[in-house]
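Only one structure is covered here, and it is reproduced in the block below.
Just so it is clear, none of the values below were taken in a lab; they were calculated from the coordinates. Predicted model, so just to flag it, every value in this text is computed and none were measured. Positions of Cβ are backbone-derived with ideal geometry, glycine not excepted, and every protein chain shown enters the neighbour counts.
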Amino acid sequence: MPLVDPDDPNAGFLAGLLAADPAEVSAALRTAPVDSVELRLRRVRAQLELSQEHDAGVALTGLEAAYSDDWRIVWYRGLHALATGDRETAALSFDAVYDAFPGEPAPKLALGVCAEVLGQLDNAAEYYRLVWATDPSFVSAAFGLARVLLCSGDRAGAVRALESVPESSIHYTAARVAAVRARLRQRAPYDALLGDLAASAAQVERLGEFGLDAVRRERLRTEVLGSALDWVLSGSSGAPPGHNRPPLLGSSLDERGLRFGLERSYRVLARLAQRGEERIELVERANRFRPRTWV
């Protein structure tokens, strides 16, 4: 979002609304001491966040008539166009801002989003890569780059993009969770998955050190173990003989061991479940994975 002009008469008033809920912001804006362009732009933003696209469009038309040379109105027109599905207008709006501020990363990021929703994956990847390479504070560029690379079939590139998010980022955990899923989701079980399974398992174990909560950790374990079970049942493509296979998340890398591992994880999730129906479903799932035994 564009920074608020410090010389605007409502600059101090708007500074107190930065972390507020959109509905609270909308109500608070009606109590502003005076009218100003920044107040009206903040109202447009609140309307977009509340899915009031029609009201936002009317407000922008008024702003365009009153402040035709203000680039921020062009920016918000781009946001409004994205919200209403007018992708071409969004791209044109952000391109105009990019022409005015070619060194700023935000217009490049916005153009990356537009290219992505328009299906121009190569262009989107180029914008996202440029932003991420020049300003690591724009972590959404790394996620965007991973998305378009995954859509383009470059799974390894998507994983590299997600794993390039540094430990110092507050989005580090989310990026590593996404990297695990990028490695394994929508993979054919007959692929040679052993390397990706091992890397995903190591990542899941490490995520516990970075504060990943128990529910998400166990759900991620079930995803890794479930992919491993499908891979084993399909013939374990690319794997060494059974006695040379390393364990995976504490489970032996064979059907029996993986079923026991999945059963354990689903029972942990059942104990952590907040609702009775969810708990019953998870226990039933654990029972379905449990291998046949004499006891």
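Three principal axis extents of the chain based on alpha-carbon atoms, in descending order, are 79, 43, 32 Å.
For the range 80-180, the fraction of C-alpha pairs farther apart than 21 angstrom is 33 percent. The loop-placed GluC sites (Glu not before Pro) in the range 139-208, going by DSSP, that have at most 11 neighbouring Cβ atoms within 10 Å of their Cβ come out as E167.
Within the range 186-291, the chymotrypsin sites (Phe, Trp or Tyr not before Pro) that combine a DSSP coil assignment with at most 14 other C-beta atoms in a 10 angstrom radius are Y190. Structural descriptor for the range 204-295: relative contact order 25 percent, calculated from alpha carbon pairs under 8 angstrom and at least 6 residues apart. Think of the range 92-160 as a dipole: +1 on every Lys or Arg Cβ, -1 on every Asp or Glu Cβ, centred on the Cα centre; then among F138, L92, A156, A156 lies furthest on the positive end. Arranged from fewest to most other beta-carbon atoms within 10 Å of their beta carbon, T134, T31, T173 become T31, T134, T173.
Converting phi to 3J(HN,Hα) with the Karplus coefficients 6.51, -1.76 and 1.60 and the offset θ = phi - 60°, the range 217-227 yields 5, 5, 5, 5, 4, 5, 5, 5, 5, x, 5 Hz in sequence order, with x at every glycine or proline. Helix 105-117 and the longest principal axis of the C-alpha atoms of the chain enclose an angle of approximately 60°. Counting every pair of alpha carbons in the range 187-295, the share spaced more than 16 Å apart comes to 59 percent.
When +1 charges are put on Lys and Arg Cβ atoms and -1 charges on Asp and Glu Cβ atoms, the dipole computed for the range 1-125 relative to its Cα centre reaches about 220 debye. Estimated from the Cβ-Cβ distance and a Förster radius of 35 angstrom, the FRET efficiency linking E64 and A174 is about 0.40.
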